[in-house]
Amino acid sequence: MLETERLILRPLCGADFDDYAAMLADSEVAGGLAEPVGRTPEDAWRSLATFIGHHEIRGFSHWAVIEKETGRFAGRAGPWSPLGFPGLGVGWCLAREHWGKGYATEAGRAAIAYCFSALDAEEVVSLILPRNGRSIAVAERLGHRHLRDEEYRGRSVHVYGQRRPAAND
Ligand SMILES: CC(C)(COP(=O)(O)OP(=O)(O)OC[C@H]1O[C@@H](n2cnc3c(N)ncnc32)[C@H](O)[C@@H]1OP(=O)(O)O)[C@@H](O)C(=O)NCCC(=O)NCCS
């Protein structure tokens, strides 16, 4: 479990399902994701199970983003590298009512630091749909730069990312 100024980042679990399904039922949320996902409860269940299973297989995954002040589920964010993903990813996804508070940037910053320290990564990447201006803004606030474009699961995505700072930086 990690803690930032305003957030708790803890492992996703089955008890998150109702909040998770409500988040993905929103077309503005599901439509932004580079990992294609449907909007039904069944789609959300499979998506949540994939993130929980990713932790079992890889030893890390997106965390549930919990608002400290209220204890509410705000979304998910964290490291991610399923088979076929081009590198070690960091991602963010917030329920619509939690946009505009800086939570994605706050969680993303913790996720990048975790990748460079706990996972000893040399580079982290984020795959972003070209029309997702809000996510591009998060990436840029986090110090990512646009590295290239590529095809991912049938769609053209921007690959943003950054390398681990040198030890003496
Ligand atoms: C992408 C996504 C996470 C971005 O959310 P966001 O709220 O725009 O990003 P942040 O959480 O970093 O918040 C930044 C905003 O909060 C504002 N803000 C308010 N209080 C703040 C604070 N205390 N600290 C920092 N920023 C704050 C910033 O000014 C900024 O507002 P602006 O967008 O009007 O300039 C969100 O749109 C989302 O979940 N989309 C659907 C899923 C998705 O597309 N995921 C990304 C896949 S690549």
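Here are some conditions: (1) touching a strand residue (DSSP E or B) at 6+ places or on another chain (Cβ under 9 Å); (2) buried (at least 21 other Cβ atoms within 10 Å of the Cβ); (3) part of a helix (DSSP H, G or I). ALA77 meets all but one. Which one does it not meet?
Result: ALA77 fails condition (3) only.
Output the residues belonging to segment 30-63 that are of a type in the set (Phe, Trp, Tyr) and over 13 Å from PRO82 (Cβ atoms).
Selection gives TRP45, TRP63.
Which condition does GLY75 not pass, out of (1) small (Gly, Ala, Ser); (2) modelled with pLDDT under 95; (3) under 16 Å from the mean Cα position of the chain (by Cα), if it passes all the others?
Just one mismatch for GLY75, condition (2).
Go through segment 36-59 residue by residue and tally those that are in a loop (DSSP other than H, G, I, E, B) and touching a helix residue (DSSP H, G or I) at 6+ places or on another chain (Cβ under 8 Å).
3
Quick one: ARG109 ticks every box in (1) within 13 Å of the ligand (Cβ to nearest atom); (2) touching a Pro at 6+ places or on another chain (Cβ under 8 Å) except a single one, so which number is it?
(2)
Looking at LEU7, LEU24, which is the one that is in contact with a Gly (Cβ under 9 Å, 6 or more places away or on another chain) and either polar (S, T, N, Q) or crowded, with 18+ Cβ neighbours inside 10 Å (or both)? Even if it seems obvious, please write down each step before you answer.
Numbers: LEU7 fails: in contact with a Gly (Cβ under 9 Å, 6 or more places away or on another chain).
Exactly one of LEU7, LEU24 is in contact with a Gly (Cβ under 9 Å, 6 or more places away or on another chain) and either polar (S, T, N, Q) or crowded, with 18+ Cβ neighbours inside 10 Å (or both), namely LEU24.
So, in segment 25-43, how many residues would count as being within 16 Å of the ligand (Cβ to nearest atom) and over 23 Å from ARG6 (Cβ atoms)?
The qualifying residues number 12.
Among the residues of segment 62-106, write down those that are within 8 Å of the ligand (Cβ to nearest atom), among the hydroxyl-bearing types (Ser, Thr, Tyr) and within 20 Å of ILE52 (Cα to Cα).
Answer for segment 62-106, where residues must be within 8 Å of the ligand (Cβ to nearest atom), among the hydroxyl-bearing types (Ser, Thr, Tyr) and within 20 Å of ILE52 (Cα to Cα): there is none.
Within segment 27-35, can one find any residue that is in a helix (DSSP H, G or I), hydrophobic (A, V, I, L, M, F, W, C), without any contact (Cβ under 8 Å) to a residue 60 or more places away in the chain and over 20 Å from SER126 (Cβ atoms)? Reasoning before the result, please.
Of all residues in segment 27-35, those in a helix (DSSP H, G or I) come to 27-30.
Restricting the remaining residues to those that are hydrophobic (A, V, I, L, M, F, W, C) gives 29-30.
Going one step further and asking which of them are without any contact (Cβ under 8 Å) to a residue 60 or more places away in the chain, we end up with 30.
So of that shortlist, the ones also over 20 Å from SER126 (Cβ atoms) come out as none.
For segment 27-35, residues in a helix (DSSP H, G or I), hydrophobic (A, V, I, L, M, F, W, C), without any contact (Cβ under 8 Å) to a residue 60 or more places away in the chain and over 20 Å from SER126 (Cβ atoms): absent.
Wholly within segment 112-169, which strands (runs of 3 or more DSSP E) include no fewer than the required count, namely at least 2 residues that are more than 9 Å from the ligand (Cβ to nearest atom), in contact (Cβ under 8 Å) with a residue 40 or more places away in the chain and of a type in the set (Lys, Arg)? Walk me through it before giving the result.
Working: elements: 123-128, 145-152, 155-163.
Because the criterion is at least 2 residues that are more than 9 Å from the ligand (Cβ to nearest atom), in contact (Cβ under 8 Å) with a residue 40 or more places away in the chain and of a type in the set (Lys, Arg), the strands (runs of 3 or more DSSP E) in segment 112-169 that meet it are 155-163.
Looking only at segment 44-55, decide whether some residue is hydrophobic (A, V, I, L, M, F, W, C), in contact (Cβ under 8 Å) with a residue 40 or more places away in the chain and within 13 Å of the ligand (Cβ to nearest atom).
Checked segment 44-55: no residue is hydrophobic (A, V, I, L, M, F, W, C), in contact (Cβ under 8 Å) with a residue 40 or more places away in the chain and within 13 Å of the ligand (Cβ to nearest atom).
Can you tell me which residues in segment 53-71 are surrounded by fewer than 16 Cβ atoms within 10 Å (Cβ to Cβ) and not acidic (Asp, Glu)?
GLY53, ILE57, ARG58, GLY59, LYS68, THR70, GLY71
Any residue in segment 87-105 that is under 16 Å from the mean Cα position of the chain (by Cα), among the polar types (S, T, N, Q) and modelled with pLDDT of 95 or more?
Yes, the conditions are met somewhere in segment 87-105.
The values are calculated or read from the model by the stated rules, or taken from the named source; none is laboratory data. Quantities reported herein were computed from a predicted structural model and do not represent experimental measurements. Because the Cβ atoms are built from the backbone with ideal geometry, glycine has one as well, and the counts that use them run over all protein chains shown.
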